[in-house]
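Coordinate-derived values only; no laboratory data. Quick caveat: nothing in here was measured; it's all calculated off a predicted structure. A quick note on method: Cβ atoms are made from the backbone with ideal geometry, for glycine too, and the neighbour counts reach across all protein chains shown.
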Amino acid sequence: MLAPDFGWQKTRGRIARQFRVNIVFKTLLRVKLFRKLRKSYLQRKLSTSSPYRPLRDRMIRLLELRPGYALSTIQCSFLYFNLDSGEHLDTHQPYAALSWAWQGQKSTIPISVNGTLMLVSENLFLALLHLRKREVRMLWVDAVCINQNDLEEREKQVRLMGEIYQKATVVHAWLGDSDSFSTQAFDALHGMLQYLNWYETRVKRVVDPGKMPPDPKKWRAISELLYRPWFRRTWILQEVLLARQVLLICGKDVIAMNAFLAIINAMLHANSLHPILSFHPNHLEASGGPMEITIHQLEFLVQAHCEYVIDPLRRWKRTLLGLLVETRLAEVSDHRDKVYGIFGLAEDTGSLGYRNKNSEWVPFKIDYTIPKERVFINVAKAILYTTKDLQLLRFVENKVHVNDGIPSWVPNWAVEGRHSLDSPGSFAPLFASKDSNARPRSPGSWREDCQGLDGDHQYCRRRREISIYCAPDFSFDCDDNLIIKGVQFDTITSVSQLAYPRHDWVHNLDPHTHDPEEKQKLAQNVEQGLDQVCNWIDDCIKTASKSSLYARGGEVDRTLWRLLRGSKPKDDSDSILSSTQSVKRIRDAQSAASVVRKLCLSPCLDAEGPLAEIVLEAAVSQTEEKLSELEQVSQACNHRRFATTRKQHLSLVPQRAGVGDIICVFYGFEYPVVLRRISGDTFQFLGTCVVEGFDFDTAVADLLGAKDSGVKKRSTSRSYDTPGRKVYTSLKRARNFRIA
């Protein structure tokens, strides 16, 4: 194999120098007095009337950037483009599109558009300045080409954005102005790019800080680049995935998006993305912070780019619900864009809608005249009504956001942070191969076929029949209440005082950290977090001790720990630790973290010496080994309380659940839910729960023998068990629940 060609370094340096913008001018821009003087001068020279004229259907404005020197005002004019004909009304030149981050900046810098004064933000101004230097002439920019004060036009243009980016010859992704970190980061990325065609072991070594010679400056520079706000935006997903070609631009530096994602993909395969981002000084942050959002966004982009762009035949249908779940951590300046920002990527948006109280079909569409609460209600009703699938309920979070202006059954996508699922298994894959091992659903069924499941033919037959009789049955009333059919399964009788703590600190112990002060702080955080987990498990044990019967008849200790780990009843009990054993392991990890903290404070060890490094890494490794099972517990128990029920079930319930709340099973939904009675037959939806040994079929139906009283009148089907005895499947009494 040939050695990598390093001639790229000279070429990149020459191109960077060619497109460097005058640093004096950029410095002046950050001076408020200079901005005011420039704005005052242009106000006297330019018109202040609106540069916009009404747009016809399927027409967009394009910004023509006129040439100019560094200190000259950015002058541009509007040209008009018809998306249907694919031709400009004024010219036939192709156009580019800009992807950038608004960053909440105020529009204070003046530019000239059609001889009219227009104010833009500093980030956008710098983007236009650099693109003018690169001789980009025809450009679509959302903030300028859409009249932001005209809500009707804004709605129509946002609906067309997916198509706008698809038809652009290139999308310029502007990360912001360059600095010393970004220059070094782009040098490092271009250097890694030379090794991507090498064998996998070498590629993983090149992108892994733990396997390369210590170079904290390089990894710090890459982490600074990836921390830029652009990577956390919701809108970038459709802007990147729908584009023909994307160039990542940071001041004078540039790299192709395909090459950048190839490098990120190598980092993900080497499990080095998190360690690289840990070199950023702000990496010690709460759950849902910039680092977690960036990692989630990059993972999604890499996977979606591979499945969507490189091999589109392998992908599954992209639903709006699937995209909402995958992008739930991404940032927006307007919460309505949590839905609208991915609207162009979903394949089912054309069919989504619901019927109103007059039985009129109401399609779901982009509408900026309604508040975010109405958007979330409308999209929830449209998804439920169109798909007849209740999976949406898995993503309802009712921890503390009670009076948020939306019904309790509607997911609030504006809530920051990851939506916890009701089981350790994640949501159905958004992108997956057609040859995956997932079991198909029966025709017209709302759940997976039993083919391949453990059990005989009679079991599969009963399962299919119950699926038919217990299909989703719901409607909406005029007050946006959800009327849904189901069965009351149980009632909560005791709840633990503590909810499972946030588990951000599980990943925070970084063996690559060389700063003793930082290691000491990390170890202290881990100690405190482990103490909270141990207290929570102790609380669960105390609560469980009040129950005399246990699900599946198992030993209480193992049954409890199986529930906390999210394990299935058929798991090998020999491989499952008891809860008391696991508490001991966590206490051992806590002791190891204490060793790390004390070593960092010890004056006897040279903080920079090799002995201190060896001892600290050994203590960190021991801590991580002891925490091997804690991540699985965190996934199953996140933000949940432990509870026992009237029928002596052990369960994990939402944080707000309390004694007296009922556990129900909805027709067409395989997960038990917790409801709180408001008045009469009206309930509040608190969320899904996990019940040890729960099975949907036995929750909604009984298996009765022929001698049972009235069995034939109540039965829905008849089958034979192993001895040949007649067995009847009888549905339990169901009712309608009104969920407000």
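Amide H contacts under 5 Å for S99: H172, A173, W174, restricted to partners 5 or more places along the chain or on a different chain, H placed in the peptide plane at 1.01 Å from N. Among the chymotrypsin sites (Phe, Trp or Tyr not before Pro) in segment 146-239, those located in a DSSP loop and surrounded by at most 12 other Cβ atoms within 10 Å of their own Cβ are Y199. Placing a label point 7 Å from the Cα of R374 along the Cα-to-Cβ direction, the residues of segment 136-158 whose backbone N falls under 19 Å from that point are 149-158.
In this structure, the amide hydrogen of T491, modeled 1.01 Å from its nitrogen in the peptide plane, lies closer than 5 angstrom to those of R646, K647, I663, counting only residues at least 5 positions away or on a different chain.
Amide H contacts for H639 (H built 1.01 Å from N in the peptide plane; partners 5 or more residues away or on another chain; cut-off under 5 Å): Y500.
Phi angles across segment 471-481 convert, under the Karplus curve 6.51 cos²θ - 1.76 cosθ + 1.60 with θ = phi - 60°, into 3J(HN,Hα) values of 5, x, 9, 8, 7, 10, 9, 5, 9, 6, 7 Hz, Gly and Pro given as x. Taking 31 Å as the limit for the C-alpha separation, the pairs K156/K485; K365/K388; K167/K252; K372/K732; K252/K365 exceed it in the case of K156/K485; K372/K732; K252/K365. Each peptide among 467-476, 124-133 gets the average number of other Cβ atoms lying within 10 Å of its residues, and from highest to lowest they stand as 124-133, 467-476.
Net charge of the neighbourhood of A740, taken over other residues with C-beta under 12 Å away and scored Lys/Arg +1, Asp/Glu -1, is -1.
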